[in-house]
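Novice: Input: one structure, supplied below.
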Amino acid sequence: MMLRCNPQSAIRNLQSELPFSLFLGIFLISAATLTLEISLTRLLSVAQWYHFAFMVVSMAFLGYGASGSFLSSFPWLLNREAPQTLVLASWFFSFSALCAYAISNFIPFDIARISWDRWQIFYVFLYYLIFSLPFFFSGLAISAALARWSSLAGKLYFFDLTGAALGCLLVLGLFGIFGGPGTLLFSCLLGGLASLAFGWKRKTNCFFFLFPWAWIGLLLFFLWGEPSFLNLRLSPYKGLSTALFFPGAHLLETRWNAFSRVDVLKSPAARTAPGLSLEYREALPPQLGLTVDADRLSAITRFHRHGGEKSELKFIDFLPSSFPYQIIKPTRVLIFEPLGGLEVLNAVHHRTEEIVAVEVNPTVVALLQGDYGEYSGGIYLAKETKVIIDDGRSFVRRNFLPFDLIVLPLTESLAASSTGLASLHEDYRLTTEAFLDYLQALKPGGFIAVSLYLLPPPRGELRLVAVVKEALEQMGKTPGNHLLAFRSWGTLTLLVKKDAVAFQESQALRAFCRKLRFDLVYYPGMQQEEANVYNRFHTPLYFQGVQRVLQEGKSFYKVYPFDLSPATDDRPFFHHYFRWGHLSAIYRLAGEKWPMLIEGGYLVPVVFFLALFLSFLFIVLPVMFGRGREQNQTIPRGRPFSWLTYFASLGLGFMFVEISLIQKFILFLGHPVYAVSLVIFSLLIFAGFGSRLSLKMGPSAYRGLKLILPLIIIFLFLYALLLPQILSFFQGQPLLLRQVLTILIIGPLGLLMGIPFPLGIRLIGERWPLGVPWAWCANGCASVLGSILPVIIALAWGFQAVFFLSALIYGVGLFMVWKSC
């Protein structure tokens, strides 16, 4: 079909100076988009069981890519008054973001049901559609501006990226002020302000002038008094939801911060004493429940420090976690993430002289030292307790005084652990490198105590032994001489000693288990007849499994149905045990039930194929149907395929780098939200400066690409090889210094990666004006897949492999540049 207008006039590539309000609008809509994107990851983390960053990013780029496809299919949109298009697109972003969130609360999507409820796949599809819509409109505003003024792509791209970078940082403060839904509302407000900026001092009718102001007023009203329809719908299977189902249960307090929602509740279900011996027949002391992200239910135990201590804390002597205090009488104890404080209470009860509690969540500490300090007996304020707000790995690296005992208590919820919902969580506490750090931080004769929920058939418990075995072997020790293990009816406790376990310690464990009717799992020289005595399985599964891990190692890992290979910092998915090659064996072991499929990251391939289908449906297909409209336009030098492949490689390569850097910096910064915000901020702000730098290349754009792309490839290889060592070296530094180092480390790579896209847009805009939306489309489509593929690859081969692949992808882009010259 022929165009009715000259395509060169359809996109008037104006050289005149544009008003600052246009660049301000681009800045605001980009800030709104990234604020929405990161706030969605937090809301999903609370409502479901995982932050789904890969899914949110793919939804965002699906919307972006669809906007480019839309413009290329309907180029007449670029011939109308440009500011009016930008005004409408920005307002529709704001409106659709609010509507998408409100509608999502009525969609019964629940990842806990996805392996047996076929409707959940349809609900994921609905999620994709409704949340891609606001990103479609923000992408429409930016791609329309780039297509209309492609000669100023460097400057426009600079404001786009710096606005997006600001959005990354805004989130860190907004959650503490407005909460989760309020932060999403703030992103809508930014979109409304972008609409005002695009229409500023433009001739327009009264409606277009007054309506954006009325919309902003409505959003401010919602922020001031959050309406009930914006309340976040939680999965009914999460710990908070389950506890609130009990009669008389109610919430006492809810607080948000940059990376979590913390709730305190009163409920009959908030009675927590993990692994408590069945020999304990008395009532537990009163407890309040504390949840993080509506899960990980722990207890704040009422404790009168003076007077009633003996009677109130009697139950502690019946817990599995009390055993280490009975064999070494520690004077200095380190406890990771004590949450409600049960393990701190354990140490207080056993008269420990110095207790160091490292808690990553400052809101938890504020609650236990503030409103609930008196209720909990002031254990977080006691003279023997030192509370450190930091990531445990970073603290251990910079701590110079060794400990008698290091405690890693139960932190995952039983529901998440037993159903495999934690399989995509990166857990840097339980990697080989982590245990090397812990062992270095022990005094001679010191112990590490780790607790896990029992998950028959055994997998996490055996992988823990495999991780510890690998760490001990790297230190030149014989693993079997350094371990003690036992289980209750619901938990397994593993003790790792820096030195060889003494005979008296093995005998003490035997007596402890006999007294409290716990089952022995391992001690040096243990016989099979001693296992599986009280809480019986049909065979001594755990004893046999631990023996085979210690004796056979890798040969056992190869034949076992679940993946027991030691987790590492490069492949930190400790809770991912699924092996697709052993599907039938796993199905039989699981009692011929499918929920265990979730452990295979079942949702990741589902999302990937769904994204592939939607990308084809909303990005590729419209472009293919619209191709006949472009017969009158000038085709760029070289085949269009080369240009589209070039922009696709930029999108795919950039996302591979971004996802890899986020994962690498989670450990370095201590939390996924810090990593997501700072990594994306650093990449985008320096990429923005790179886009400004591209303006100085003038007519030598081809030459610039031939120089910049090889530099990016070299940098990526260097980062893949050297970044783990650099981050490990600085791991023990204070958080603020690590945040500054993050920006400095990522900055040079971000600067280089910001240059190829605007240079390509400028080149394609000069030779093929209507190809700019095509380029945006190809870039967005590749970015959709690039946000999911790294997770699939990393589950199998680790994130270093993803880094190397990103270099190869940029190599494809370089080849296409040479081919197009």
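Novice: Looking only at segment 433-454, count how many residues are under 22 Å from GLU552 (Cα atoms) and buried (at least 19 other Cβ atoms within 10 Å of the Cβ).
Specialist: Residues meeting the conditions: 2.
Yes/no per residue for (1) surrounded by fewer than 17 Cβ atoms within 10 Å (Cβ to Cβ); (2) part of a helix (DSSP H, G or I):
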| site | (1), (2) |
| --- | --- |
| LEU189 | no, yes |
| PHE221 | yes, yes |
| TYR237 | no, no |
| ASP263 | no, no |
| LEU276 | no, no |
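Novice: Count, please, the residues in segment 345-392 that happen to be charged (D, E, K, R), in contact with a Gly (Cβ under 8 Å, 6 or more places away or on another chain) and under 17 Å from GLY176 (Cβ atoms).
Specialist: Residues flagged as charged (D, E, K, R), in contact with a Gly (Cβ under 8 Å, 6 or more places away or on another chain) and under 17 Å from GLY176 (Cβ atoms) within segment 345-392 amount to 0.
Novice: Here is a further query. Looking only at residues in segment 285-301 that are more than 14 Å from THR363 (Cβ to Cβ) and part of a strand (DSSP E or B), which one is modelled with the lowest pLDDT?
Specialist: Restricting to residues being more than 14 Å from THR363 (Cβ to Cβ) and part of a strand (DSSP E or B), the top hit is ASP295.
Novice: Run down SER260, SER277 and say which single residue is among the hydroxyl-bearing types (Ser, Thr, Tyr) and at pLDDT 90 or above.
Specialist: SER277
Novice: OK, next. For residues that are over 39 Å from the mean Cα position of the chain (by Cα), surrounded by 15 or more Cβ atoms within 10 Å (Cβ to Cβ) and in a helix (DSSP H, G or I), tally how many sit in segment 514-545.
Specialist: 2
Novice: Another one. Does TYR157 satisfy being within 21 Å of PHE23 (Cβ to Cβ), touching a Pro at 6+ places or on another chain (Cβ under 8 Å) and open to solvent by 20 Å² or more (accessible area, probe 1.4 Å)?
Specialist: yes
Novice: Oh, and also: Just to be sure before I move on: is GLU282 open to solvent by less than 50 Å² (accessible area, probe 1.4 Å) and either outside any strand (DSSP E or B) or touching an Asp or Glu at 6+ places or on another chain (Cβ under 8 Å) (or both) in the structure I sent?
Specialist: no
Novice: If LEU88 passes every condition in (1) open to solvent by 20 Å² or more (accessible area, probe 1.4 Å); (2) modelled with pLDDT of 85 or more; (3) under 28 Å from the mean Cα position of the chain (by Cα); (4) not charged (D, E, K, R) but one, which one does it miss?
Specialist: Of the numbered conditions (1) open to solvent by 20 Å² or more (accessible area, probe 1.4 Å); (2) modelled with pLDDT of 85 or more; (3) under 28 Å from the mean Cα position of the chain (by Cα); (4) not charged (D, E, K, R), the odd one out for LEU88 is (3).
Novice: Right, something else. Being within 25 Å of PRO320 (Cα to Cα) and either out of contact with any helix residue (DSSP H, G or I) (no Cβ under 9 Å at 6 or more places or on another chain) or surrounded by fewer than 24 Cβ atoms within 10 Å (Cβ to Cβ) (or both) is the filter here, so list the residues in segment 473-484 that pass it.
Specialist: Selection gives PRO479, GLY480, ASN481, HIS482, LEU483.
Novice: What helices (runs of 4 or more DSSP H), lying completely within segment 598-688, carry at least 1 residues that are under 17 Å from the mean Cα position of the chain (by Cα) and at pLDDT 80 or above?
Specialist: 640-669
Novice: Of everything in segment 400-419, what is buried (at least 21 other Cβ atoms within 10 Å of the Cβ) and modelled with pLDDT of 90 or more? Give them in sequence order.
Specialist: Correct list: PHE403, ASP404, LEU405, ILE406, VAL407, LEU408.
Novice: Taking VAL468, is it modelled with pLDDT of 95 or more and part of a helix (DSSP H, G or I)?
Specialist: Yes, satisfied.
Novice: Taking the stated definitions as given, is GLY275 at positive phi and out of contact with any helix residue (DSSP H, G or I) (no Cβ under 9 Å at 6 or more places or on another chain)?
Specialist: So GLY275 does not fit the description; no.
Novice: Collect the residues in segment 149-177 that are over 21 Å from the mean Cα position of the chain (by Cα) and not small (Gly, Ala, Ser), keeping them in residue-number order.
Specialist: Correct list: TRP149, LEU152, LYS155, LEU156, TYR157, PHE158, PHE159, ASP160, LEU161, THR162, ILE177.
Novice: Go through (1) more than 29 Å from ARG514 (Cα to Cα); (2) at pLDDT 95 or above; (3) not in a helix (DSSP H, G or I) and name the single condition ALA422 misses.
Specialist: Of everything listed in (1) more than 29 Å from ARG514 (Cα to Cα); (2) at pLDDT 95 or above; (3) not in a helix (DSSP H, G or I), ALA422 misses just condition (2).
Novice: Quick one: which of GLY180, GLY176, GLY139, GLY163 is in contact with a strand residue (DSSP E or B) (Cβ under 7 Å, 6 or more places away or on another chain), in contact (Cβ under 8 Å) with a residue 60 or more places away in the chain and either within 17 Å of GLY25 (Cβ to Cβ) or open to solvent by 10 Å² or more (accessible area, probe 1.4 Å) (or both)?
Specialist: Testing whether each residue is in contact with a strand residue (DSSP E or B) (Cβ under 7 Å, 6 or more places away or on another chain), in contact (Cβ under 8 Å) with a residue 60 or more places away in the chain and either within 17 Å of GLY25 (Cβ to Cβ) or open to solvent by 10 Å² or more (accessible area, probe 1.4 Å) (or both) leaves just GLY176.
The values are calculated or read from the model by the stated rules, or taken from the named source; none is laboratory data. Everything numeric in this text was worked out from a predicted model, so none of it was measured. Here the Cβ is made from the backbone with ideal geometry for all residues, glycine too, and neighbour counts use every protein chain on show. Just so you know, the surface numbers come from the protein's heavy atoms only, side chains and all, with ligands and any DNA or RNA stripped out. Shrake-Rupley method; radii C 1.70, N 1.55, O 1.52, S 1.80 Å.
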